[in-house]
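Each remark here refers to the structure printed beneath this line.
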Amino acid sequence: MEEKVIAISAGHEITESEFNEFAARIPQQQQEYIHTPEGRQQALTQYANYFLFEKLGQEKKYDESEEYRKILEGVQRELLSQYTLTQIVKDIKATEEECHTYYEEHKDMFQKGAQAKAKHILTATEEESLKILDAIQKEEKTFEEAAKEYSTCPSGAQGGDLGTFGRGQMVKEFDEAVFTAEVGKVLGPVKTDFGYHLIRVDELSGDSIAAFEEVAPQIEQQLTAEKQNEVYMATRTEVIEKYGLEFK
């Protein structure tokens, strides 16, 4: 199947696969933009410009100048050096067994603090809070209905839902109330600098160790980097002995 040509610049046919290879080398932080129609067109224009100005540089014989040759030598040196390093470590990767062993020997590093899933209703006065609590206890309103109607916190629009959070993420009084609460029971009013809170904790978990599956990617990345660095340092020592290095 013939390659699709998406542009012709200075006589060079730019194929889709050729351009995609170029786009893949664009820095990671710009990749999301590159995948938009505007970003892709901008990147294609940039790539096409290389051929236009390359042709101009050849006509002006800039590529024959001493300054250009020195720049080219430096770029080639850096490129070959980086490519060599990449080739040396590309196949070095932490094994699953090594990751498991590390996990078992360093479990204390993967402690998960207590987590809570809770909802709250925030009011300006204790009197308002008590009235709302009374309505909830009499089942005149559900907690979520009361939050939507009375809470002054933006979370009220979601029925007071604060999502899941860890110990120490909320203000002291709120934090202490939540992490000593009985799950499913409405407590309060709890006074903080923000006002008075009615709180219902829906889920509460104590300190625990993260499962291996949760932290495996993190461990693999760390161990792989360490193994690659060891090979790099050993190779550097070898080439210093072979080629020499002296600082003066």
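The values are calculated or read from the model by the stated rules, or taken from the named source; none is laboratory data. This structure is a prediction, so every number in the text was calculated from the model and none was measured. Counting neighbours? That spans all protein chains shown, and the Cβs are built from the backbone with ideal geometry, glycine included. Just the protein is used for accessible areas: all its heavy atoms, side chains included, with ligands, DNA and RNA removed. Shrake-Rupley method; radii C 1.70, N 1.55, O 1.52, S 1.80 Å.
Below, the figures for the structure above:
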{"read-out": "Members of Lys131/Lys191; Lys112/Lys227; Lys131/Lys172 lying beyond 19 Å, as alpha-carbon distances in this model show", "value": "Lys112/Lys227; Lys131/Lys172"}
{"read-out": "Entries of Lys117/Lys185; Lys93/Lys242; Lys70/Lys248; Lys141/Lys185 with Cα pairs more than 19 Å apart", "value": "Lys93/Lys242; Lys70/Lys248"}
{"read-out": "Choice from Glu98, Glu126, Glu66 with maximal GNM fluctuation in the chain (Cα, 10 Å cutoff)", "value": "Glu66"}
{"read-out": "Average Cα contact separation per residue, the stretch 111-225, under 8 Å, 6 or more apart, as relative contact order %", "value": "38"}
{"read-out": "Translational D in µm²/s for the stretch 114-248 (Stokes-Einstein at 4 °C, 1.567 mPa s, Kirkwood Rh from C-alpha pairs)", "value": "70"}
{"read-out": "Cβ-based charge dipole, the stretch 45-112, positive-most Cα from Tyr83, Cys99, Tyr47", "value": "Tyr47"}
{"read-out": "5 angstrom amide H check on Ile6, placed H, neighbours 5+ away", "value": "Ile14, Thr15, Glu16"}
{"read-out": "Portion, in percent, of the accessible area of the chain that falls on carbon or sulfur, probe 1.4 Å", "value": "50"}
{"read-out": "Projected-area average for the stretch 186-231 over all orientations - Cα convex hull basis, square nanometres", "value": "6.3"}
{"read-out": "Percent of alpha-carbon pairs separated by more than 15 Å within the stretch 36-88", "value": "67"}
{"read-out": "His100 accessible area, assembled protein chains, probe 1.4 Å, Å²", "value": "70"}
{"read-out": "Candidate aspartates and glutamates - alpha carbon under 16 Å from Lys138, same-chain residues fewer than 8 apart omitted", "value": "Glu128"}
{"read-out": "Probe 1.4 Å - accessible area at Tyr62, Å² to nearest ten", "value": "130"}
{"read-out": "Full-stretch length increase - Glu2, Glu230 - with 0.36 nm per residue and alpha-carbon distance subtracted", "value": "77.5 nm"}
{"read-out": "Alpha-carbon radius of gyration plus Dmax, which is the widest Cα pair, for the stretch 11-116 in Å", "value": "22.8, 69"}
{"read-out": "Debye log10 I(q)/I(0) at q = 0.07, 0.09, 0.17 Å⁻¹ for the chain, Cα point scatterers", "value": "-0.60, -0.79, -1.20"}
{"read-out": "Solvent-accessible area per residue, Å², over the stretch 41-157 with all protein chains present [probe radius 1.4 Å]", "value": "73"}
{"read-out": "Estimated FRET transfer efficiency when R0 is 51 angstrom, pair Lys55-Lys90 (beta carbons, to 0.05)", "value": "0.90"}
{"read-out": "Where Thr180, Thr237 fall by accessible area, highest first, once all protein chains stay in place (1.4 Å)", "value": "Thr180, Thr237"}
{"read-out": "Relative frequency of Cα-Cα separations exceeding 17 Å in the stretch 63-102, percent", "value": "57"}
{"read-out": "P(r) weight above 22 Å for the stretch 68-184, C-alpha pairs, percent", "value": "62"}
{"read-out": "Part-to-part distance (alpha-carbon centres) for the stretch 172-248 and the stretch 1-24, which is given in Å", "value": "44"}
